[in-house]
Every structure is written in C-alpha cells, then in structure tokens.
Amino acid sequence: MDFSNYFLRFFCRSCLMMFTLFILSGIVFAPPSQAESLSKEQPRDTSGFSLISPENEEWIYKKVLLDWEDSTDPELSAYTVLISEFTCDYECFLDYDCGENSFENANRIEELKESVCILGFGDCPELENSKTYCWKVQAISEFGDVLQESDVRKFRTKPSGDNRGWIKCYVRDALTGQEIRGADVRFGNTVLKETSPGLYSEGIVPGKETLTVKAAGYEQGSDEVEVLSQDVQTRTFELTPTRVATPVLLPPPGSFTESQDVEISCSTPDAVISYTTNGQEPAEDSDKYTAPISLEVTTIIKVKAYREEMEASETVTGIYYIATLKDIISTLQILAGLSFSPFQEFDVNDDNKKGLAEAVFFLQKIAEAGK
C-alpha cells in the first residue's frame, strides 16, 4: 500500500471538512447585521416633544420665532410645522380649542432641518393681524413617515392700529379652588366681562388703575395694574369666603313614585349642616345632617350650613313629592267623582287594599264621565 497517497487523501479530506465547518459556523454564529441589530434594540421612542415658544395664548406681532425641542428619534430627517389660521375676537381666542379638526386644512412648512422657524422670514410665511393661530410640529423620516409629534399651542396676532391692552382676570374660591361666577370685576370704571366660568377679560385703554373684584359672600380683592398698548395683563384672585357655601340636595327636589334617600353636601370645608322636615327655618341647634335622609311621604326639607367665624349659608328649600300608588288611586277616585270616605265599597277585588284593580276601575269611571 502506498501510505503517502493514502495520507495525502486523508489530509485533503480533513481540510475540506474543516473548511466546510468553518463556513457553516460563520453562517450560524456570524454577528448580526446592522438591520438585525436594530430589530433587536428597544422599541423606538414615539412619545412627543414639547413646543418652547411662543407661550400658549401669547400675543405676538406679525413676525414670531417658533421654537421646539429637538426630536430624539434616530430616523429623523426633517421637521414639518402645521399652522392653522382662524378669525375670531379675543373672547373666542381664549375659549378656542385647538383639537385635531383644527389642522384639517392647515398650512404646512416642510423640510425644516433645524428645530426653529421664524415666521415672516425665508420660507416661513408672514402672519396677518388680528388672527388666531394653532400650531404643532411633526418629526418626519426620509420616507415621509411621521415619527413623533409635539403638543399643540395657540397664539394671537395683535391688531394694527389698535392701541388697547387687555386684562385677563381669574377669580377663584380660596378654600375650594372653584371658579367664582357672577363676580363684579372692574379696572377703574371699566367692567370686565365673564368670558368663561371664573375668567373675566376686556380690552382696556392703556393706563394704570385699580383692578377690583367683588363677589357675594367673599372678601373684596384689589390690585394696582398698569396696562400698556397692545399688552396683556393676567391676574388671579383667590377670594376668602365670608359666607358658607349654599348646600346642595341630591337628588334635586321634584316628584317621585317611590321613597327617596336625600343626600346633602356643602363645598365649604368643616361646615355643619342643619335641616328640618317640618317646614320651619333651620337653626344651629336643629337636626344635624350625618347620613342620607329617607323620605317615605311628601316632605319639605329646609337646609342651612354653618361654620365658625363665617356667615351662615342661604337656606335651601326642597319639596319632595312622593306619589305612591295609594296616593294616585285616591286622586283617581276623586277625579272619578266618587265619594272619597267610604273606600271599602270600591274595593273591587275584596283585598282591602288600593291596587291596580281599583286604579283600572276609577280610570274606567273617569272615561265614562268624559263621554
């Protein structure tokens, strides 16, 4: 046997097997490609980013710097600004909600490479006077996909030739934080209008005056305010109540066909609620409310709330008409023109009760009388 040839063949076969295993191991255990690596990374952050300026509800001139935070998405290619224009007065501007419908026909400022845009310069359009604008920003990929989206804000452009300023005044209860409606708010002799619950505003001739706030049951508030031309001054008054808040009855007074459990509440902290069910005015020593009041028959409830060092609340009167089946049948008996006292002779089914049979009987009598 020629061992040299045998050894040579064995060596070649071994090398071929080792080479094959090397190739296979490279395929199986090769490091992942960049695409595979990205697929195994944590999901991309799709949360939005925040707008920086202008502030929400800010007044500006026809040129303004729109600024926002940088997007953190690694696939970011450019930004798109969506801006919608609306015509409305100042009160409308304060109440307007920039929802998704506001951007259905929005102007688009696209292919912005930086997180800033100056309206009125370059590719960014100039704004018009006396307009309300809603705006937001989208982070866009190179394929045009929306990667992230900012919050939404609104601003208003100042009118040309209008030298007035504006006062925006919030009025709240110092104890509960609730908006106070129907307050008398004045800047000097100018009365501010309540444009939404607890918010009072008005256009003002520039100057310095005392802003006063009065509301029934509260201490008066005041502040010296100077309003400049095309300026907006905002003030918040938290008035201390001098009178206990009016109690609330639930369910509200009305007519019912079954018994009711009436709950009484008062928004003034630590208030003590007194009530009566005999028609008399409640006093501090009247029955105290601690649990729902159960009413089986028609009842008049009178309620008043007290707290130390404060004026007692207004008296609330609630009439609860509890019309049971017995009451209804008695009424039908009278309407049928039948004597009310000798009820037994109208006990149709001899069960000594007023029920459905008697109701049908009386309804038939009423119908016969109407023919």
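Within the range 224-239, one or more residues are within 17 Å of W166 (Cα to Cα) and touching a Cys at 6+ places or on another chain (Cβ under 6 Å). Considering T315, T246, T277, T240, the condition of being polar (S, T, N, Q) and at pLDDT 95 or above is satisfied by T315 alone. Pairs are defined by a Cβ separation below 8 Å, a sequence spacing of at least 6 or placement on different chains, a first member in the range 237-264 that is in a strand (DSSP E or B), and a second member that is modelled with pLDDT of 95 or more and aromatic (F, W, Y); the pairs so defined are I264/Y275; I264/Y289. Tally time: how many residues in the range 212-230 are in contact with a Ser or Thr (Cβ under 8 Å, 6 or more places away or on another chain) and in a loop (DSSP other than H, G, I, E, B)? Qualifying residue count, the range 212-230: 3. Take the residues of the range 82-97 that are of a type outside the set (F, W, Y) and modelled with pLDDT under 80: which is surrounded by the most Cβ atoms within 10 Å (Cβ to Cβ)? Going through the qualifying residues, I end up with L94. Of the numbered conditions (1) within 30 Å of V303 (Cα to Cα); (2) surrounded by fewer than 17 Cβ atoms within 10 Å (Cβ to Cβ), D231 satisfies every one except a single condition; which is it? Of (1) within 30 Å of V303 (Cα to Cα); (2) surrounded by fewer than 17 Cβ atoms within 10 Å (Cβ to Cβ), only one is false for D231: (1).
Note on the range 204-228: residues that are surrounded by 15 or more Cβ atoms within 10 Å (Cβ to Cβ), touching a residue at least 60 places away in the same chain (Cβ under 8 Å) and not β-branched (V, I, T) amount to 1.
The values are calculated or read from the model by the stated rules, or taken from the named source; none is laboratory data. For clarity, every value in this text was computed on a predicted model and none was experimentally measured. In this analysis, Cβ positions are derived from the backbone assuming ideal geometry, glycine residues included, and neighbour counts consider all displayed protein chains.
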